[in-house]
Structure formats: structure tokens, C-alpha cells
Amino acid sequence: MAEIVIISIEILGEILRWIIAITLFGAGILIIQIWIKDKTKRISYTRIIIQLVSLAFFYFLLFSFPWLLIILIVILVLTIFIGRFFCGWVCPFGLYMDVITIFRKTLKKRYLLLPISFNKFLDKFRYLIFAIIFAIPFIIAPLHSQSFQLALFFAGPFKHWTIFLGPLETLIVPDSGAWVIYGLNLSYPYVRDVMFYSTGFFIQFNSILFILLTFVGSFLIRRLWCRFCPLGLSFAVLNKVKGFSWLPIVHLDKSEEKCTKCGVCKRVCPTQVTEVYENKGGNVSTSICTHCFRCVEMCPYEGCLSVKVAGKSVLSSRNWLEPSETE
Ligand code: SF4
Ligand code: SF4
Ligand code: SF4
């Protein structure tokens, strides 16, 4: 009897895997079709494909210890050069929030906006969160033996640097997840940390509450977590330091003469960046910008907004209101 139950669970797990694979394949075909037909969605769908590939990448890499540290260092170092590109194009939690946004759009529900001053405050607040998490082991370690100091730094009771990597958690994980359903180890960003810091009844209660809150929050406010997430920090400020004005090398550029102040860029920005709309021409990148380039995709004036890499334009807004002569 027990064997039959185990075999049934295995078969169900296998069916679930196939359903997920077929759904992803179908979604891929759909995305390619829309990509070909709709100019206002090409960047968005290319981004989703890259986010999905990254998700698979993190599934295999994230749970091997040296990779965790390497990934964290790579993210922080790359941010110096290419800004928050990781947030717009790679981060799994960012992808989940984008999927929740698509879900909201299909239900035709309007998103809510945070007050701009509060949005900017949250963007600064992330640096304080980062500093606190980063400082904890250095404050506590001197009180302990050397071996414990090392353990404290890399895992320890605070698991501080794995908290930075919380947004990279895949929903299906190869090691022990938060829950096992039909042989699949399931998880969610930060949920294993929430479990780690909870006891008894609150282990499940806090986890489910956390998922509900982040889901509802992201449903109502686009990319809510990205407004204060400590991993989403930007080193854009470095280009203000003498001798480092060339950093970061990826930025958004606006042509003042071509801008009609239509306001589209402000409306479509998932993190409520206002500078692209408000600032005069030139470099309009800010620390809140996740480099998703939705504003470039949606700006309806040819060459008004562009993405520049090391001073060279690699992507520009196009007049999508009128069909081009080649189409
Ligand atoms: S801000 Fe954090 S959660 Fe948002 S995309 Fe960046 S790393 Fe991911
Ligand atoms: S979408 Fe383009 S034209 Fe419209 S306000 Fe923004 S930058 Fe200006
Ligand atoms: S300013 Fe443009 S590129 Fe930056 S987050 Fe907003 S829409 Fe994306």
C-alpha cells in the first residue's frame, strides 16, 4: 500500500513537471509571436525571456556554497559598471513581481502610486538596511571565538549575507525547500529566512503571511519590494567622485528637443522614476531606475530616449504610433 502511495506521488510529481515544462514552452511561443507583431512590447518580452533563462541558471547555482558568495560579489561589482541592470533583467523576485503585474493587467485593475517623496525616501532607506545587515557580524564577531566568527560571517545565527540573496530564490529549489509537494521542493524569496527566524506555530504562519503580503503589495504597487530591497542598491553616486565620472557606463539619455512632455515615460515606469520626464536632456538615469527600458520602449518619439553604453547609443525610442515604411 505504502509503495503504491509513493509511486502515485512520484507520478504526480512527474506530471506536474511536464505541465510546468509545457506551460513554459507555450508561453515562449506566445512571447515570440507577440514580440514579432508588437513594437511596444519587444523589450519587455525580451526581458522576460532573459529573466526566465536566469531563473534556470539560479536553480542550478544558488545552492552551492561558493556560488552564493561569487554571485553576491558579481552583482555588487557589476552594479558599479552597468547600474541596476541586474534588477531589470535578471533577478527572479523581479520576474515574479512582473508576472504579478501582468496578472493585475489581465484583471484590468489599476495600480496604486506611492507618494514620490516616500518613494525617494525608500530608495535611500535601502542603504541603511544594507549597512545594518552588513555590519551585524562585525559588531557581534569580536565577542566570539575565531572559528565562530568565521561561521557567523558566512552562515551564523544571522545568515546576514544570505538575506542579501533572498530575491534570487527560485520557486522550485533543488535542495530542501520550505515545503515539499508531490516530490517538488518549493520555496519563495526570503521565506526560508522567515522560517529560520520563527518558531513553532509561527514558522508556517509567518511564511504564509509574508508571501501574502508581498503578493498583495506587488499586485497593488508595481515592483514594491524593489523600492527598498538592499540588493537593489546603486553605485551611481560613484560617478560624482573625481576621476570616476565615466562610471557607470550604461545610462539613459534624453534628447530635450524631441521630448513633447507627453508623460508616457512617467506612467509606464514600474518604480515611479520621475527624472526621465522632468529632467532636461542628457543623462537622466537615477538610482531608482532598474534599467528595464520600458520608458525607451514606450516613448513615442523617434530617438527621444536612448540607452547609451560607454557613450554609444545601443537602443532608441521609436515612433510606434505610425507604421514604419518597411512594415
Ligand atoms: S531591487 Fe531587489 S528584488 Fe528588486 S529586482 Fe533588484 S535585487 Fe531583485
Ligand atoms: S515619453 Fe518621451 S516624449 Fe514623452 S515625456 Fe517621456 S521622454 Fe518626453
Ligand atoms: S526610468 Fe525607464 S528604464 Fe528606468 S525603471 Fe523607469 S521605465 Fe525602467
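So here's what we get for this one:
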{"quantity": "Matching entry among Arg267, Arg227, Arg192 (being of a type in the set (Lys, Arg), touching a helix residue (DSSP H, G or I) at 6+ places or on another chain (Cβ under 7 Å) and either in the same structural domain as Ile82 (by TED's automatic domain parsing) or under 25 Å from Lys108 (Cβ atoms) (or both))", "calculated": "Arg227"}
{"quantity": "Sole exception among (1) at pLDDT 90 or above; (2) under 29 Å from Ile20 (Cα atoms) for Lys258, by number", "calculated": "(2)"}
{"quantity": "The lone exception for Tyr197 - which of (1) buried (at least 18 other Cβ atoms within 10 Å of the Cβ); (2) of a type in the set (Ser, Thr, Tyr); (3) over 17 Å from the mean Cα position of the chain (by Cα) it fails", "calculated": "(1)"}
{"quantity": "Residues of the stretch 249-278 satisfying the condition of being within 12 Å of ligand 2 (Cβ to nearest atom), in contact with a Lys or Arg (Cβ under 7 Å, 6 or more places away or on another chain) and over 18 Å from Leu112 (Cα atoms)", "calculated": "Asp253, Glu256, Val276, Tyr277"}
{"quantity": "Residue match in the stretch 262-271 (condition: crowded, with 20+ Cβ neighbours inside 10 Å and closer than 22 Å to Val191 by Cβ)", "calculated": "no"}
{"quantity": "The stretch 17-69: number of residues that are under 30 Å from His160 (Cα atoms), open to solvent by less than 80 Å² (accessible area, probe 1.4 Å) and modelled with pLDDT of 80 or more", "calculated": "10"}
{"quantity": "Residue within the stretch 295-304 that is among the hydroxyl-bearing types (Ser, Thr, Tyr) and part of a loop (DSSP other than H, G, I, E, B) present", "calculated": "yes"}
{"quantity": "Answer from Thr290, Thr286 - the residue that is within 16 Å of ligand 1 (Cβ to nearest atom), open to solvent by less than 10 Å² (accessible area, probe 1.4 Å) and within 25 Å of the chain's Cα centre (by Cα)", "calculated": "Thr290"}
{"quantity": "Those residues of the stretch 216-242 which are in contact (Cβ under 8 Å) with a residue 40 or more places away in the chain, in a helix (DSSP H, G or I) and either more than 18 Å from the chain's Cα centre (by Cα) or surrounded by 16 or more Cβ atoms within 10 Å (Cβ to Cβ) (or both), in sequence order", "calculated": "Ser218, Phe219, Trp225, Cys226, Arg227, Pro230, Leu231, Gly232, Ala236, Val237, Leu238"}
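Residue-wise test of (1) among the charged types (D, E, K, R); (2) out of contact with any strand residue (DSSP E or B) (no Cβ under 8 Å at 6 or more places or on another chain); (3) at pLDDT 95 or above.
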site	(1), (2), (3)
Pro248	no, yes, no
Cys265	no, no, yes
Gln272	no, yes, yes
Val307	no, no, yes
Gly311	no, yes, no
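The values are calculated or read from the model by the stated rules, or taken from the named source; none is laboratory data. For clarity, every value in this text was computed on a predicted model and none was experimentally measured. A quick note on method: Cβ atoms are made from the backbone with ideal geometry, for glycine too, and the neighbour counts reach across all protein chains shown. These area figures cover heavy atoms from the full protein model, side chains too; ligands, DNA and RNA do not enter into them. Shrake-Rupley method; radii C 1.70, N 1.55, O 1.52, S 1.80 Å.
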